[in-house]
1. How big is D for the stretch 7-123, in µm² s⁻¹ as a whole number, if Stokes-Einstein is applied with the Kirkwood radius of its Cα pairs at 10 °C and 1.306 mPa s?
2. Go through K316/K355; K316/K354; K338/K372; K338/K377; K13/K49 and tell me which ones have a Cα-Cα distance over 25 Å in this structure.
3. With a sphere of radius 15 Å drawn around the Cβ of M176, what net charge do the other residues whose Cβ falls strictly inside it have (Lys, Arg +1; Asp, Glu -1)?
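Nothing in this text is a laboratory measurement; each read-out follows from the coordinates by a stated rule. This structure is a prediction, so every number in the text was calculated from the model and none was measured. Cβ coordinates were reconstructed from backbone atoms using ideal geometry, including for glycine residues, and neighbour counts include every protein chain displayed.
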Amino acid sequence: FAHPTDSLLPGQKLRVGQNLTANDSATNSTEGLYYLSATSTAELVGFIKSEPPTRYSSFRPQSTDVGKGVDYFVFANGSLSTSSPSGPYNSMPPLQFLRLESDGHLRAYEWRPDDDTWVVVNDLLTPAYASPTCFYPTVCGRYGMCYVNEQCSCPQWDGDGANHNYLVPVDSQNPMLGCREAIPLSCASPPRRHRLLRLDNVSYFIYDQRAQFDSLRMDQDGCSNTCARNCSCKAAFFWYSYNISDGFCYLASEVFSLKNFQHGVYYDYNATAFIKVQDPPGNSRRRAGVILFLGSALGALFLLCVCSCILVLKRKIWRQREKGDGEDDLERVSGMPKRFSIEELGAATDGFCKKLGQGGFGSVYEGRIDGKSIAVKRLDGAGQGRKEFLAEVQTLGKIHHVNLVK
């Protein structure tokens, strides 16, 4: 009787330094996640086991002066006080007991003989100012998202346009059991294999105890980056009232239930959660493959452009050199006859339209100059028979004939 476990009977005391520890479940008597600690400042504080233990609620008897030291709390009349009830009972007190439940509630039960059942007459750790739903840390299990009327589901993220199931239900038939990581988070993995899922308008139970938890003062980016660099951090919770660059950051080594909320409905602040997950190996390899492919493609395209530019430039230089060489060769031919431009020859032959014959490396066309009929030989390509062409020009320059135009 002097060492309570998870329950108190009428008149039973919970002394300062003692705890009530909840069972794991209604059917499992092993220690659960929640415990209630009696403090000398006349406050009972509820904690959830984590690293370190995290406060989630508290209860202070109404008759207790703030700051007044106490030695114990006693259960009587469906509640807790810091002094034992005095005076005789006018009637038999109702049959009651107080129990810290596996869901974190501290409920007072009373036996109703007419109904032949126990009924809840008080829920001491649920404060009047709390939102009507989602107050307790495990209402939707680990990683579970709690919505209005305590509807639970696993958070979904579509940050890159695709819906990824980084978190999956523990039991698809019972969403209140929470979610688990699709791929367990590992500190042995390279940091690039970790991803922070940003979830806007997501609150956490510690915000209801905002004056009682250790938080860092920083902006939103600093909050997420701090968690990303710390492998033991599984989530970062950021909240601010008016200025996003001046908010509070809480780093969690364990993730319990999340709370979806609307600013201004039950809350007077803005909140964002960053949940760390493990990227599937395929995602990393796929991104690396895409990067490698793009890099190779861009490199090949650049090399092709460079080679094309060099080829065009060389071809242009070669043509200019060929043209220049041809002009120089003609200038060096002895007995050089009169030179006609291609335009003059085209006009004389009416566009090289009447072909008279064809030789080894050129065709002969009929034309007229100054009223005289002429024959014009047009080379198919001087590049292949340059020496023969020059020899023929030189020979023609030395011949004097009535039918040869010079």
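1. Values: Rh = 15.1 Å.
The estimated diffusion coefficient comes to 105 µm²/s.
2. Those over the limit are K316/K355; K316/K354.
3. -1
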